[in-house]
Amino acid sequence: MTQNHSFPPILVLHYHEVGLKGKNRAFFERILARNVNRALRGLGPATTRRLRGRLLVEGVPASALPQAVARLQKVFGLATISPGVEVPPTLEAMARAAVALVDGERLPSFAVRARRAEKHYPFTSQEIGQVVGAAVVEATGAPVNLRRPHVEIFVEVANERAFVSTSRFRGPGGLPVGTSGVGVVLFSAGIDSPVAAWRMMKRGMEVVLVHFHSQPFADRSSEDKSRRLAAILAEWHGPIELVIVPLIDAQQAIIAYTPEPYRTLLYRRMMFRVAERVARARRAHALITGDSLGQVASQTIENLTAVTEATSMLVLRPLVGYDKSEIIAEAQRIGTYEVSILPQDDACTLLDPRRVETRATVEAVRHAEAGLDVEALADATFAQALSERIVPPWWHVQTETPRPEKEPSCPPS
Ligand code: ATP
Ligand code: MG
């Protein structure tokens, strides 16, 4: 990422435009620009502008460009990220900038990739490529290789401005977080649910994370892990809400008044009822879990049906067709795996049943919980929920004054 200081450094961000029309496009671009601004927080006086199918970021100091690129690689919706320079839209200026950018670099071969957003620009992309290419050949003696170049020089003309860059990084793809509604994730501190959250975020969903714990029957480890996992996801999401819910009172009622083989399913039904209350308070559209079909006893097709019946909300299970090994590989790519596998005290022996019903029916789970006032229990559990805002690790670094991280607020609606 060599920068020439005689031109202002700039980042050109591309996204895939498939299916984007009219109002929908303006909405998409506005949210994407907001997310880009959030990701660049603290990296200088950056401003993001929309410009004919691309975003343009100005004001990031050259020294912060590598950090900016790394953060932007976690902004969903971005297809490519190109740090470069802005020049006047003349062939001469573009050629000069290209020569300056490759100056001092090893250049066994190169290609110029030119694009123009305005078709009325007096030169075609091919002509731009030829003039810029000829200038680079003259200055460096390097040969052109259009098929397998060592270095690619990108030149773009848009709105009477021109941009030249020699590096292009891949974005994560997907849709900008905030363009596909809100989902409440049942967020254990395991391997699967952080991946499930990430997959929904990648499709543009804003998420609220809900973690249930069994303190004081279990220690604080799962709660602490959920907070650390939320901070990792916040790097992709922006500040994220984590709702911590003590489930132990409801669990004790379930243990006291229901048949043992149904416990796990009834805990899960209670989690859905409480998560639904969080969802209604947040105007969310769906509940999300990390279930994968057949992975454990509570995830047989019969048990998934019996659990889902506890809520009338849409339940999304983005990992339902994944193998465990595929989920682990994805958790490693996202960066959650190492925290997910840290030991945690689940209080299993106290709260888990010795025998688990693997093929429950809706009638059977309803019958099993008939002795409980499930709605009152769900209300009481929801009333104990505490909400926190979890920010990415770099959020308070540099220019910003720290904000308190704990904001008890969630219930009541
Ligand atoms: P995970 O790795 O996500 O914990 P798992 O394979 O361990 O998944 P289960 O523990 O049976 O499977 O949980 C299935 C799903 O139920 C989880 O992915 C999560 O969405 C939800 N869930 C389970 N326990 C909790 C919890 N303590 N808090 C919130 N959600 C939970
Ligand atoms: Mg689990």
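Here are some notes:
- Highest-MSF residue in the chain out of 74, 23, 324 [GNM, Cα springs under 10 Å]: 23
- Surface composition of the chain: carbon plus sulfur atoms contribute 53% of the solvent-accessible area (1.4 Å probe, protein chains only, all chains present).
- Spatial separation of Cα centroids for the stretch 164-218 and the stretch 238-279, in angstrom: 21 Å
- Viscosity 1.306 mPa s, 10 °C: Kirkwood-radius Stokes-Einstein D of the stretch 182-390 over Cα pairs, µm²/s: 93 µm²/s
- Here's the list of aspartates and glutamates a cross-link from residue 324 could span, going by alpha-carbon distance under 15 Å and ignoring same-chain residues fewer than 8 apart: 192, 291.
- Per-residue ellipticity at 222 nm from helix content only, as computed over the chain with -39500 (n - 2.57) for each DSSP H run of at least four residues, stands at -11500 deg cm²/dmol.
- In this structure the chain gives 45 Å² per residue of accessible area when probed at 1.4 Å with all protein chains present.
- Ranked by the mean number of other Cβ atoms within 10 Å of their residues, highest first, the peptides 106-112, 371-377 come out as 106-112, 371-377.
- Relative counts (whole %) of C-alpha pair distances in the chain, using bins that are 10 Å wide: 4, 20, 26, 19, 14, 10, 6, 2, 0
The values are calculated or read from the model by the stated rules, or taken from the named source; none is laboratory data. All values derive from a computational prediction rather than experimental measurement. Neighbour counts run over all protein chains shown; Cβ positions are idealised from the backbone, glycine included. Heavy atoms of the whole protein, side chains included, go into the accessibility calculation; ligands, DNA and RNA do not. Shrake-Rupley method; radii C 1.70, N 1.55, O 1.52, S 1.80 Å.
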